[in-house]
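Just below is one structure, and these are the notes that go with it.
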Amino acid sequence: MRIFISVDIEGVAGVTEALQGTRGNAEYETARRLMTEEANAAIRGAFAGGATEVIVADSHGPLRNMMVEDLDPRARVVSGRPRPHSMGQGLDASCDGAIFIGYHASADHQGVLAHTINGLAFARIEINGVQAGEPTIFGGFAAELGVPLLAVSGDDQLAKEIAGQFPSSRRIVVKEALGGSVASSLSPKAARELIEAEVTAALKNAGSAKPEGPCITPLNVTVHFNKQIFADAAVMVPTVERAGARAVRFTSANHEELIGTLTILSMISSSLA
(Lines give C-alpha, C1' and ligand atoms only; values in the text may rest on other atoms or scores of the structure.)
Protein backbone atom coordinates (compact mmCIF):
# COMPACT_ATOMS: atom_id res chain seq x y z
CA MET A 1 0.00 0.00 0.00
CA ARG A 2 1.55 3.25 -1.24
CA ILE A 3 0.62 6.39 0.74
CA PHE A 4 1.24 10.06 -0.08
CA ILE A 5 1.52 12.57 2.78
CA SER A 6 1.61 16.34 2.17
CA VAL A 7 2.74 18.44 5.15
CA ASP A 8 2.08 22.17 5.67
CA ILE A 9 2.93 24.26 8.74
CA GLU A 10 0.03 26.61 9.57
CA GLY A 11 -2.20 23.80 10.82
CA VAL A 12 0.42 22.28 13.11
CA ALA A 13 -0.33 22.29 16.86
CA GLY A 14 1.33 25.28 18.51
CA VAL A 15 1.64 27.35 15.32
CA THR A 16 -0.46 30.53 15.41
CA GLU A 17 1.38 33.42 13.73
CA ALA A 18 2.95 34.15 10.36
CA LEU A 19 6.41 34.63 11.87
CA GLN A 20 6.48 30.91 12.65
CA GLY A 21 6.26 30.11 8.96
CA THR A 22 8.87 32.63 7.83
CA ARG A 23 12.54 31.73 7.54
CA GLY A 24 15.26 33.55 9.44
CA ASN A 25 14.07 33.60 13.04
CA ALA A 26 13.99 31.38 16.12
CA GLU A 27 10.20 30.97 16.00
CA TYR A 28 10.47 29.41 12.53
CA GLU A 29 13.11 26.97 13.72
CA THR A 30 10.76 25.82 16.47
CA ALA A 31 7.77 25.59 14.12
CA ARG A 32 9.58 23.55 11.49
CA ARG A 33 10.62 21.08 14.16
CA LEU A 34 6.96 20.80 15.22
CA MET A 35 6.08 20.31 11.54
CA THR A 36 8.70 17.57 11.19
CA GLU A 37 7.40 15.71 14.22
CA GLU A 38 3.77 15.82 13.03
CA ALA A 39 5.01 14.40 9.73
CA ASN A 40 6.74 11.62 11.67
CA ALA A 41 3.52 10.89 13.55
CA ALA A 42 1.67 10.51 10.25
CA ILE A 43 4.43 8.30 8.83
CA ARG A 44 4.31 6.04 11.91
CA GLY A 45 0.53 5.87 11.64
CA ALA A 46 0.71 5.01 7.95
CA PHE A 47 3.11 2.11 8.46
CA ALA A 48 1.13 0.89 11.46
CA GLY A 49 -1.98 0.92 9.28
CA GLY A 50 -0.40 -1.27 6.62
CA ALA A 51 1.54 1.07 4.31
CA THR A 52 4.49 -0.50 2.52
CA GLU A 53 5.72 2.76 0.99
CA VAL A 54 5.28 6.39 2.13
CA ILE A 55 6.10 9.55 0.14
CA VAL A 56 6.17 12.81 2.11
CA ALA A 57 5.98 16.20 0.37
CA ASP A 58 7.27 19.26 2.23
CA SER A 59 4.46 21.65 1.30
CA HIS A 60 4.91 24.96 3.11
CA GLY A 61 6.10 28.21 1.51
CA PRO A 62 9.60 27.56 0.14
CA LEU A 63 8.73 23.84 0.03
CA ARG A 64 11.87 23.03 1.99
CA ASN A 65 11.22 23.35 5.72
CA MET A 66 11.29 20.01 7.49
CA MET A 67 14.42 18.74 9.17
CA VAL A 68 14.96 15.85 6.79
CA GLU A 69 17.66 14.26 8.93
CA ASP A 70 15.07 13.82 11.68
CA LEU A 71 12.34 12.30 9.50
CA ASP A 72 11.42 8.64 9.81
CA PRO A 73 13.94 6.92 7.49
CA ARG A 74 11.26 4.62 6.06
CA ALA A 75 9.74 7.52 4.10
CA ARG A 76 10.90 9.20 0.90
CA VAL A 77 10.85 13.02 0.97
CA VAL A 78 9.95 15.51 -1.79
CA SER A 79 11.61 18.84 -1.05
CA GLY A 80 12.45 22.03 -2.98
CA ARG A 81 10.85 24.14 -5.70
CA PRO A 82 9.56 24.89 -8.28
CA ARG A 83 7.47 21.76 -8.72
CA PRO A 84 4.90 21.01 -11.45
CA HIS A 85 2.42 19.71 -8.86
CA SER A 86 3.42 21.97 -5.95
CA MET A 87 1.99 20.60 -2.68
CA GLY A 88 0.89 17.47 -4.53
CA GLN A 89 4.29 16.54 -5.93
CA GLY A 90 4.86 12.82 -5.52
CA LEU A 91 1.18 11.96 -5.76
CA ASP A 92 0.24 9.74 -8.70
CA ALA A 93 -2.28 7.09 -9.68
CA SER A 94 -0.18 4.34 -8.06
CA CYS A 95 -0.94 5.77 -4.59
CA ASP A 96 -3.62 4.08 -2.50
CA GLY A 97 -4.40 7.10 -0.38
CA ALA A 98 -3.46 10.71 0.42
CA ILE A 99 -3.09 12.37 3.82
CA PHE A 100 -2.75 16.10 4.48
CA ILE A 101 -1.02 17.16 7.71
CA GLY A 102 -0.76 20.68 9.15
CA TYR A 103 -3.26 22.15 6.68
CA HIS A 104 -5.44 25.23 7.30
CA ALA A 105 -8.71 26.86 6.26
CA SER A 106 -9.10 28.64 2.92
CA ALA A 107 -8.60 32.30 2.05
CA ASP A 108 -11.61 34.43 3.07
CA HIS A 109 -12.58 31.88 5.73
CA GLN A 110 -12.15 32.00 9.48
CA GLY A 111 -9.25 29.98 10.83
CA VAL A 112 -5.70 30.16 12.11
CA LEU A 113 -3.52 31.68 9.36
CA ALA A 114 -6.24 30.92 6.81
CA HIS A 115 -5.17 31.38 3.19
CA THR A 116 -5.02 29.55 -0.12
CA ILE A 117 -1.57 28.89 -1.64
CA ASN A 118 -0.28 32.46 -1.30
CA GLY A 119 -1.76 34.67 1.39
CA LEU A 120 0.10 37.69 0.03
CA ALA A 121 -1.54 37.34 -3.37
CA PHE A 122 -4.91 35.61 -3.17
CA ALA A 123 -7.85 37.05 -1.22
CA ARG A 124 -10.25 34.30 -2.37
CA ILE A 125 -10.34 31.53 -4.97
CA GLU A 126 -13.55 30.02 -6.31
CA ILE A 127 -13.73 26.87 -8.45
CA ASN A 128 -17.10 26.11 -10.03
CA GLY A 129 -18.60 28.35 -7.36
CA VAL A 130 -16.90 26.50 -4.49
CA GLN A 131 -14.70 28.50 -2.11
CA ALA A 132 -11.38 26.75 -2.58
CA GLY A 133 -8.69 25.95 -0.05
CA GLU A 134 -5.59 23.89 -0.56
CA PRO A 135 -7.43 20.61 0.19
CA THR A 136 -10.03 21.55 -2.45
CA ILE A 137 -7.28 21.84 -5.04
CA PHE A 138 -4.90 19.06 -4.07
CA GLY A 139 -7.55 16.69 -2.75
CA GLY A 140 -9.36 17.28 -6.04
CA PHE A 141 -6.13 16.46 -7.87
CA ALA A 142 -5.89 13.21 -5.90
CA ALA A 143 -9.51 12.30 -6.70
CA GLU A 144 -8.90 12.93 -10.39
CA LEU A 145 -6.06 10.39 -10.21
CA GLY A 146 -8.37 7.92 -8.46
CA VAL A 147 -6.72 8.41 -5.06
CA PRO A 148 -8.93 8.96 -1.98
CA LEU A 149 -8.13 11.65 0.58
CA LEU A 150 -8.02 9.55 3.76
CA ALA A 151 -7.33 12.12 6.49
CA VAL A 152 -6.59 15.81 7.06
CA SER A 153 -5.20 17.51 10.18
CA GLY A 154 -5.43 21.15 11.24
CA ASP A 155 -7.82 23.40 13.13
CA ASP A 156 -11.57 23.11 13.66
CA GLN A 157 -12.38 25.58 10.88
CA LEU A 158 -10.48 23.46 8.37
CA ALA A 159 -12.41 20.44 9.64
CA LYS A 160 -15.69 22.18 8.75
CA GLU A 161 -14.48 22.74 5.18
CA ILE A 162 -13.33 19.13 4.86
CA ALA A 163 -16.68 17.86 6.17
CA GLY A 164 -18.45 19.67 3.34
CA GLN A 165 -16.01 18.89 0.54
CA PHE A 166 -14.56 15.48 1.44
CA PRO A 167 -17.15 13.99 3.80
CA SER A 168 -15.54 10.54 3.95
CA SER A 169 -12.11 11.85 5.03
CA ARG A 170 -11.10 11.65 8.69
CA ARG A 171 -10.79 15.10 10.27
CA ILE A 172 -7.97 15.37 12.81
CA VAL A 173 -8.48 18.53 14.91
CA VAL A 174 -5.31 19.54 16.76
CA LYS A 175 -6.41 23.08 17.67
CA GLU A 176 -9.45 25.31 17.92
CA ALA A 177 -9.26 28.61 16.06
CA LEU A 178 -10.00 31.58 18.32
CA GLY A 179 -8.88 34.10 15.69
CA GLY A 180 -6.54 34.50 12.76
CA SER A 181 -3.48 34.30 14.98
CA VAL A 182 -4.75 32.67 18.17
CA ALA A 183 -5.76 29.12 19.01
CA SER A 184 -6.53 26.75 21.82
CA SER A 185 -4.16 23.94 20.87
CA LEU A 186 -3.39 20.44 21.98
CA SER A 187 0.14 20.02 23.26
CA PRO A 188 2.53 18.90 20.50
CA LYS A 189 2.84 15.49 22.16
CA ALA A 190 -0.93 15.00 22.36
CA ALA A 191 -1.35 16.22 18.76
CA ARG A 192 1.21 13.70 17.50
CA GLU A 193 -0.44 10.86 19.37
CA LEU A 194 -3.82 11.83 17.89
CA ILE A 195 -2.42 12.10 14.35
CA GLU A 196 -0.69 8.72 14.59
CA ALA A 197 -3.83 7.01 15.87
CA GLU A 198 -6.15 8.64 13.34
CA VAL A 199 -3.87 7.93 10.37
CA THR A 200 -3.57 4.30 11.44
CA ALA A 201 -7.37 4.05 11.63
CA ALA A 202 -7.75 5.76 8.25
CA LEU A 203 -5.44 3.26 6.57
CA LYS A 204 -7.25 0.32 8.08
CA ASN A 205 -10.26 1.42 6.00
CA ALA A 206 -8.30 2.54 2.94
CA GLY A 207 -9.38 -0.46 0.89
CA SER A 208 -13.00 0.67 0.88
CA ALA A 209 -12.31 4.41 0.54
CA LYS A 210 -13.61 6.11 -2.60
CA PRO A 211 -12.09 9.15 -4.32
CA GLU A 212 -14.25 12.24 -3.87
CA GLY A 213 -13.82 15.90 -4.68
CA PRO A 214 -16.06 18.96 -4.67
CA CYS A 215 -15.27 20.18 -8.21
CA ILE A 216 -15.96 18.34 -11.47
CA THR A 217 -14.11 19.31 -14.64
CA PRO A 218 -14.02 21.59 -16.50
CA LEU A 219 -12.91 23.92 -13.71
CA ASN A 220 -14.15 27.49 -13.99
CA VAL A 221 -11.89 29.50 -11.70
CA THR A 222 -12.17 33.03 -10.33
CA VAL A 223 -9.19 34.44 -8.46
CA HIS A 224 -9.63 37.53 -6.27
CA PHE A 225 -6.31 39.23 -5.54
CA ASN A 226 -5.32 41.42 -2.62
CA LYS A 227 -3.94 44.11 -4.94
CA GLN A 228 -5.01 45.41 -8.34
CA ILE A 229 -1.45 45.24 -9.67
CA PHE A 230 -1.51 41.44 -9.25
CA ALA A 231 -4.56 41.23 -11.53
CA ASP A 232 -2.89 43.65 -13.97
CA ALA A 233 -0.02 41.18 -14.34
CA ALA A 234 -2.13 38.00 -14.23
CA VAL A 235 -4.02 38.85 -17.43
CA MET A 236 -0.71 38.71 -19.31
CA VAL A 237 -1.02 34.93 -19.01
CA PRO A 238 -2.78 33.93 -22.28
CA THR A 239 -5.47 31.77 -20.65
CA VAL A 240 -6.45 34.40 -18.06
CA GLU A 241 -8.98 37.22 -18.49
CA ARG A 242 -10.11 40.12 -16.33
CA ALA A 243 -13.12 39.65 -14.03
CA GLY A 244 -12.87 42.87 -11.99
CA ALA A 245 -10.43 45.43 -10.65
CA ARG A 246 -8.70 42.79 -8.50
CA ALA A 247 -10.12 39.61 -10.04
CA VAL A 248 -9.38 37.34 -12.98
CA ARG A 249 -10.90 34.16 -14.35
CA PHE A 250 -9.81 31.18 -16.39
CA THR A 251 -10.91 27.64 -17.18
CA SER A 252 -8.79 24.53 -16.57
CA ALA A 253 -9.43 21.17 -18.17
CA ASN A 254 -8.24 19.34 -15.05
CA HIS A 255 -6.68 19.85 -11.62
CA GLU A 256 -3.14 19.43 -12.90
CA GLU A 257 -3.66 22.36 -15.26
CA LEU A 258 -5.31 24.33 -12.44
CA ILE A 259 -2.31 23.81 -10.14
CA GLY A 260 0.05 24.99 -12.86
CA THR A 261 -1.90 28.18 -13.56
CA LEU A 262 -2.31 29.08 -9.88
CA THR A 263 1.40 28.46 -9.29
CA ILE A 264 2.27 30.86 -12.13
CA LEU A 265 -0.12 33.52 -10.80
CA SER A 266 1.36 33.12 -7.32
CA MET A 267 4.92 33.51 -8.60
CA ILE A 268 4.00 36.57 -10.66
CA SER A 269 2.32 38.23 -7.68
CA SER A 270 5.27 37.47 -5.37
CA SER A 271 7.62 39.13 -7.84
CA LEU A 272 5.55 42.34 -7.64
CA ALA A 273 5.13 42.45 -3.86
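The values are calculated or read from the model by the stated rules, or taken from the named source; none is laboratory data. Quantities reported herein were computed from a predicted structural model and do not represent experimental measurements. Cβ sites come from the backbone with ideal geometry, for glycine too, and all protein chains shown count toward neighbours. Keep in mind that these areas ignore ligands, DNA and RNA; they rest on the heavy atoms of the full protein, side chains included. Shrake-Rupley method; radii C 1.70, N 1.55, O 1.52, S 1.80 Å.
Given the criterion more than 25 Å from Leu120 (Cα to Cα) and outside any loop (DSSP other than H, G, I, E, B), identify the matching residue among Ala57, Ala98.
Just a single option satisfies the conditions, and that option is Ala98.
In this structure, does Pro73 turn out to be open to solvent by 20 Å² or more (accessible area, probe 1.4 Å) and closer than 20 Å to Phe141 by Cα?
Considered against the rule, which asks whether it is open to solvent by 20 Å² or more (accessible area, probe 1.4 Å) and closer than 20 Å to Phe141 by Cα, Pro73 comes out as no.
For a quick check of your reading of the model, give me the residue pairs whose first member lies in the stretch 178-190 and is over 14 Å from Leu158 (Cα atoms), whose second is open to solvent by 60 Å² or more (accessible area, probe 1.4 Å) and small (Gly, Ala, Ser), with beta-carbon atoms closer than 9 Å and at least 6 apart or on different chains.
Correct list of pairs: Ser181/Ala18.
Give the residue that is farthest from Ala41 (Cα to Cα), with candidates limited to residues of the stretch 69-82 that are under 19 Å from the mean Cα position of the chain (by Cα), in a loop (DSSP other than H, G, I, E, B) and without any contact (Cβ under 8 Å) to a residue 24 or more places away in the chain.
Arg81
If a residue must be open to solvent by less than 80 Å² (accessible area, probe 1.4 Å), touching a residue at least 40 places away in the same chain (Cβ under 8 Å), out of contact with any Gly (no Cβ under 7 Å at 6 or more places or on another chain) and not β-branched (Val, Ile, Thr), how many such residues does the stretch 215-240 contain?
Result for the stretch 215-240: 5.
Name the residues in the stretch 116-135 that are open to solvent by 10 Å² or more (accessible area, probe 1.4 Å), touching a strand residue (DSSP E or B) at 6+ places or on another chain (Cβ under 7 Å) and in a loop (DSSP other than H, G, I, E, B), would you?
Asn128
Can you go through Leu203, Leu178 and tell me which one is farther than 13 Å from Gly11 by Cα and open to solvent by less than 30 Å² (accessible area, probe 1.4 Å)?
Only one candidate qualifies: Leu203.
Please determine whether any residue of the stretch 224-242 is under 20 Å from Asn128 (Cα atoms) and within 20 Å of the chain's Cα centre (by Cα).
Looking through the stretch 224-242, at least one residue is under 20 Å from Asn128 (Cα atoms) and within 20 Å of the chain's Cα centre (by Cα).
Looking at the stretch 251-273, which of its residues are closer than 15 Å to Asn220 by Cβ and open to solvent by 10 Å² or more (accessible area, probe 1.4 Å)?
If the condition is that a residue be closer than 15 Å to Asn220 by Cβ and open to solvent by 10 Å² or more (accessible area, probe 1.4 Å), then Thr251, Ala253, Asn254, Glu257, Thr261 are the ones that fit.
Among Ala13, Ala46, which is the only one that is assigned to a helix (DSSP H, G or I) and either under 29 Å from Gly207 (Cβ atoms) or open to solvent by less than 10 Å² (accessible area, probe 1.4 Å) (or both)?
Unique residue meeting the criteria: Ala46.
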